Every structure is written in C-alpha cells, then in structure tokens.
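The values are calculated or read from the model by the stated rules, or taken from the named source; none is laboratory data. None of these values were measured; they are calculated from a predicted model. When we count neighbours, we look across all protein chains shown, and the Cβ atoms used for this are built from the backbone with ideal geometry, even at glycine.
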Amino acid sequence: MHDQIKLTVDEAVDRLSRQVAEADALRDEHDRDNITWGMYIYQMRAWQFALPQSQTLAYLLPALQGEVGELSQIFAKIERDKGGCILDDDIERIKSEIGDVLWMLAGLTSLYNLDLGEIAWGNVQKLTDRQRRGKINGSGDDR
C-alpha cells in the first residue's frame, strides 16, 4: 500500500510487547536506581524550562490534556489516512508529542515534589505483580 511503511500499529504493539518482556529482567536494586535516577535527572532538567506562569496546576493539567489530544490526533489520522501504516515522518511527530506529554508529567510531579522516577518504578512493580498473579487483564486499580 505505502512504499515507505515503517511499522503497522499491530507490529509496533508487538514490538513494544517484546520490549516490555525483555525489560522484565530489570528488577534488581541497581537497575531500579538507574531508572529512577535517570527519570529524576530528566524531571529536574525539564522543569528548569518552565516559565513561572506555567508552574501551576491550572496550566499544567489542561496543557497535559492538550498534548495527549495532539498525540491521539496523530494516531487517528494515521488510521484514517494511511490505513494504520506508520511512516518515518509519523515516527518523528509521535516522538515529539510523547516528549511534550512527558514534559507535562515532569511538570506535574515537580509541582507537587513527587519523584517521576519513583512513580515510574512503582508502576513497573505494580504491573509485574499483576502479571505474576495473572491479573494483567481487566480494569480497576485493585485487581
């Protein structure tokens, strides 16, 4: 269909699933420290670019919603216009929007003195526990 097909959405999901399975090995304390420290450094570096007027919940939360909306629009248009085939130029736009979402998350966590790395690690631990218990499918936090 498209000569420049990079990945279909299904191929990207499959690749991501394989990467997540490989990342499952990152459970010891050394890896935890590396992950949390790397996210912490990003959080501190990213927050230094926040203008004073953007260091509020009233700005950050709607802006986060807007950035997620922009990311969603990229995928919607890929589905509508390209039959779900992700091309090279799409990858760059996707990466850019994910970066904007990440910046907003770093801002929210900084605003409330939360550690983005600890939050990321806690999420990995939660998902690992759900998978171990066979509860990765479904919905709700308490499964």
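Test Asp115 against the criterion of being in contact (Cβ under 8 Å) with a residue 24 or more places away in the chain and closer than 21 Å to Glu11 by Cβ, and give yes or no. Taking the combined requirement at face value, the residue does not satisfy it. Whenever a residue of region 51-70 is exposed (fewer than 11 other Cβ atoms within 10 Å of the Cβ), its partners that are at pLDDT 95 or above, lying with C-beta atoms within less than 8 angstrom and at least six residues away or across chains, give the pairs Gln53/Tyr59.
Would you pick out the residues in region 74-88 that are under 14 Å from Asp10 (Cβ atoms) and in a strand (DSSP E or B)? Answer for region 74-88, where residues must be under 14 Å from Asp10 (Cβ atoms) and in a strand (DSSP E or B): Cys85, Ile86. Counting the residues of region 6-22 that are loosely packed, with under 12 Cβ neighbours inside 10 Å and polar (S, T, N, Q) gives 2.
Applying a threshold of 7 Å to beta carbon distances and a minimum spacing of six or more residues, or different chains, the list of pairs starting in region 121-143 at a residue that is farther than 26 Å from Asp33 by Cβ and among the basic types (Lys, Arg) and ending at one that is assigned to a helix (DSSP H, G or I) and at pLDDT 85 or above reads Arg143/Arg130. Out of the residues in region 56-83 meeting the condition of being of a type in the set (Val, Ile, Thr) and either touching a helix residue (DSSP H, G or I) at 6+ places or on another chain (Cβ under 7 Å) or at pLDDT below 95 (or both), tell me which one is farthest from Leu108 (Cα to Cα). Top of the filtered list is Ile78.
For region 93-121, filtering for residues that are over 15 Å from the mean Cα position of the chain (by Cα) and of a type in the set (Asp, Glu) leaves 1. When you check Glu92 against the structure, is it surrounded by fewer than 17 Cβ atoms within 10 Å (Cβ to Cβ), on the phi < 0 side of the Ramachandran plot, in a helix (DSSP H, G or I) and touching a helix residue (DSSP H, G or I) at 6+ places or on another chain (Cβ under 8 Å), yes or no? For Glu92, the condition - surrounded by fewer than 17 Cβ atoms within 10 Å (Cβ to Cβ), on the phi < 0 side of the Ramachandran plot, in a helix (DSSP H, G or I) and touching a helix residue (DSSP H, G or I) at 6+ places or on another chain (Cβ under 8 Å) - is not met.
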